Amino acid sequence: MTEIELSITRLAALGRSPYQIEVELGFPPYTIHQKYHAALQEGYARMARRQDSKSKELTTAPAEPIKRQEKTMEEMSQREKLAETRRRYYQSRRAEIREKQRRYYQANKEKVAQYQRQYQQANKRKIAESRREYYRANKEKFAEWSRQYKARKRREKITQQGESAWPENQMPTGDQNGAGLK
C-alpha cells in the first residue's frame with residue numbers, strides 16, 4: 001500500500017466519510033471512490049471489526065462535521081449538471097407534472113388497468129411469494145386482525161338474531177384496554 005492508501009484506510013477506520021477524507025487530504029471531489037475504493041473499503045472493514053470486538057464503548061472519536069460547499073455549475077460534471085437541472089425543473093413544476101399524470105391516468109384508465117393485469121399475470125409466482133413472505137413477517141398482526149374480524153362477525157350475528165345467545169353476564173365486550181370487540 002502506498003502512503004496515500006494507508007492514510008485513506010486510517011481515516012476511514014476512524015469513521016470519516018469519503019467527503020471528509022477528500023477534504024482532509026486535499027483530493028478533488030469523487031476521486032476517492034474512483035482511485036482508492038479498495039483502501040476506503042478496507043478502512044471501513046477495520047472500523048466494523050473494531051466495533052464488533054469492542055461493542056461496549058466506541059474508541060474512535062466522532063467525525064467532525066465539515067460544511068459541504070455548494071459547487072458552481074462550472075465545477076459540476078455533465079451528469080451532475082443534468083441531474084441538478086432535472087431536479088430544479090421538477091421542483092418548480094411539481095403541480096403541473098402531477099396534474100398531467102392525473103389527466104393521463106383518467107384518459108387511459110383501461111389501458112393502465114390492462115398493463116397491470118398483464119404484469120400480474122406474467123409475475124404471478126413472484127407476487128404470490130412476496131405476499132407469503134410479508135404474511136410470514138407479520139403473523140401476529142394478521143392473527144390480531146383475524147381475532148377482531150371474528151369477534152365483530154359474532155357480535156353482528158348475535159345482534160341480527162335479536163336475542164342474545166350469550167347469557168347477560170357473559171356477553172363478550174372486549175378487554176379493558178379496548179382490544180377485542182368494537
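The values are calculated or read from the model by the stated rules, or taken from the named source; none is laboratory data. Keep in mind that what you see is a predicted model, and the values were worked out from it rather than measured. No Cβ is skipped: glycine too gets one built from the backbone with ideal geometry, and neighbour counts run over all protein chains shown. Only protein heavy atoms, including side chains, enter the accessible area calculation; ligands, DNA and RNA are left aside. Shrake-Rupley method; radii C 1.70, N 1.55, O 1.52, S 1.80 Å.
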Check your understanding: So, by mean Cβ neighbours within 10 angstrom, what's the order for 146-156, 88-98 with the highest one leading?
Key -> 146-156, 88-98
Check your understanding: In the full protein assembly as shown, how much of ARG49 is accessible to a 1.4 Å probe, in Å² to the nearest 10?
Key -> 130 Å²
Point to revise | MET76 paired with ARG102, simple spin-label distance in nm, labels 7 Å along Cα-to-beta-carbon | key: 3.0 nm
Point to revise | Largest-first ordering by accessible area, 1.4 Å probe, given options GLU140, GLU129, GLU5, GLU110 | key: GLU140, GLU110, GLU129, GLU5
Practice item. Just grab the label-to-label distance for ARG152 and LEU6, each label 7 Å out from Cα along the Cβ direction, in nm (one decimal). Key: 6.9 nm
Point to revise | Pairwise label distance in nanometres, ALA83 with LYS139, each label 7 Å out on the Cα-Cβ vector | key: 4.2 nm
